[in-house]
1. Convert each backbone phi in region 132-145 into a coupling constant with the Karplus relation 6.51 cos²θ - 1.76 cosθ + 1.60 (shift: θ = phi - 60°), then list the ³J(HN,Hα) values in order as whole Hz, x for Gly and Pro.
2. Between Ala368 and Lys37, take the C-beta separation as r, use R0 = 30 Å, and let me know the FRET efficiency to the nearest 0.05.
3. Under a cut-off of 18 Å between alpha-carbon atoms, report the lysines in cross-link reach of Lys182, not counting same-chain residues fewer than 8 places apart.
4. Quick one: net charge of Val83's neighbours, Cβ under 10 Å, K/R +1, D/E -1?
5. Going by a ≥ b ≥ c, the root eigenvalues of the Cα gyration tensor, does the chain fall in the rounded group (a/c under 1.5), the prolate group (a/b larger than b/c) or the oblate group?
6. Where the centre of each part is set by its Cα atoms, how far does region 183-251 sit from region 287-306, in angstrom?
7. Leaving out same-chain residues fewer than 8 places away, which lysines sit with a Cα under 26 Å from that of Lys367?
8. Please give the residues of region 386-413, grouped as numeric ranges, whose backbone N is less than 11 Å from a label point set 7 Å along the Cα-to-Cβ vector of Ala430.
Amino acid sequence: MQYVSTRGGVPAALYSEIVLQGLARDGGLYVPREYPKVSKQTLKSWRGLKYANLATAVTSLFAQDMQRSAIARICEETYSEEVYCHGRKGTDFSKIAPLVWLEDGFGILELSNGPTLAFKDMAMQYLGGLFEYILEKKQTTLNILGATSGDTGSSAEYAMKGRKGINVFMLSPAGRMSAFQKAQMYSLTDPNIFNIAVRGSFDDAQDIVKAVSSDLEFKEKYRIGAVNSINWARIAAQVVYYFSAWLQATESEDEEISFSVPSGNFGDVLAGWIAKSMGLPVRRLIVATNENDVLYEFFRSGRYRIRDSAHTYVTSSPSMDISKASNFERYVYDICQKDPMRLRELWSELSRNGEFLLNAQEWQRVKASGFVSARSTHADRLRCIKTIWEKHNFLIDPHTADGINAACALREKDEKVICLETALPTKFAATIKEAVGFEPECPQGYEDLLRRKQKVVEMDVSSDEVKGFIEKNVSS
Ligand SMILES: *Cc1c(COP(=O)(O)O)cnc(C)c1O
């Protein structure tokens, strides 16, 4: 299988070549030339597979240049009960992504039982094994540099810790994360994990990463890489749980179900779109947003209008606080029938005017694609958390509440809807307390987290200081 850029300006490449890269050199995103197809017969044969085997079957469709046995080994190691065991008491962790029915035809897919208690572990843990394997094959090493306001950084660190040939340098804004988030990252003492607290904001930290990465000589010499949400291997690994959910929810190959997905950078719901494009019987994909409603606006009007920082709000579902959605380009590429010229036209309009509007044909294709959207506010989240707790004795986090709220608003009669759980409530204890009056229970293995020894260095907002730190800790 070959990969091309959405902007059409780079030669085709293979999976093992693109997964270590971020953007393509023409500024576009890598996508497979065609999505692989899965027949009803194949779907049927996948019933009863354990998650690791299903993951091998699905991800190897995207990685035909890799040995299937290598992928199988990575999936076995990744999708085990030892890794995804941090959720609620009584959960069947052997399913890895268990589906729980709240009522008839209305379920929650538990994706947040991994080490950082958020769904990003589902793909990031796989990425850890994949990177280690590819780097070893290529006889090289990688230094991952990133900035985080909480979730992605810790997920990356837990996936890469102790891996051969990989270091992680993760910048975070000093004093601006929750005690839980700080403890989660800074308590890692593995020698290949470097936490850097920057005396500034998240944006300052992000700017440092951009400055260091645009110094091409430095980047090359120290083999600087990233693991952000546009990474194709992460998307492909996320496709797996849509198949898993559908297999758990249905009994016949003709049955369609819908998914509701709390969305930020559009990686999670894009994976659902890819699953549908591959032939999974998906009826609708519900894009749930919070007050940062760029995507909601698009799916209502065909107008994509990105926000400036003054209009990007801090909300109680912070991992969805986005001004633009970095994976969205991959979906629009499909809507443009994979025409890179048209895609480039739209994106240059976006950089000129901060928005674009699809033409009538494209808008028809959006409507035919099965996407719909709803937005929620803080008050909606609180109400939803309380209702689900009182009705079902099931405590959800604020992001998952956005998803459930959207599903409740849009669900049609007899429509089976599965809501993706993107984080456990423990991570957002203050909002939970506001909603139900008590704090969520601490998951297994985290009781002493806040008391663990922490390893972090503090720095000024200075890319030179960060470069110096990398030079000191890495041999070129
Ligand atoms: C990252 C994240 C999201 C958004 O996922 P995207 O793939 O960026 O759309 C939603 N909820 C939580 C808890 C997250 O960490």
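1. Whole-Hz 3J(HN,Hα) from phi for region 132-145: 4, 5, 5, 5, 4, 4, 7, 6, 9, 10, 9, 10, 7, 10.
2. Values: r = 19 Å, r/R0 = 0.62.
For R0 = 30 Å, the calculated efficiency reads 0.95.
3. Counting by Cα, and skipping residues close in sequence, Lys182 has these lysines nearby: Lys120, Lys161, Lys427, Lys453, Lys455.
4. -4
5. Numbers: a/c = 1.26, a/b = 1.12, b/c = 1.13.
It comes out rounded by the Cα gyration axes.
6. Going from one Cα centre to the other spans 25 Å.
7. By straight Cα distance, Lys367 reaches Lys37, Lys40, Lys276, Lys324, Lys338, Lys413, Lys416.
8. Correct set: none at all.
No value in this document is a laboratory result; all are computed from the given coordinates. Quantities reported herein were computed from a predicted structural model and do not represent experimental measurements. Neighbour counts are summed over all protein chains in view; Cβ atoms, including those assigned to glycine, are modelled from backbone coordinates with ideal geometry.
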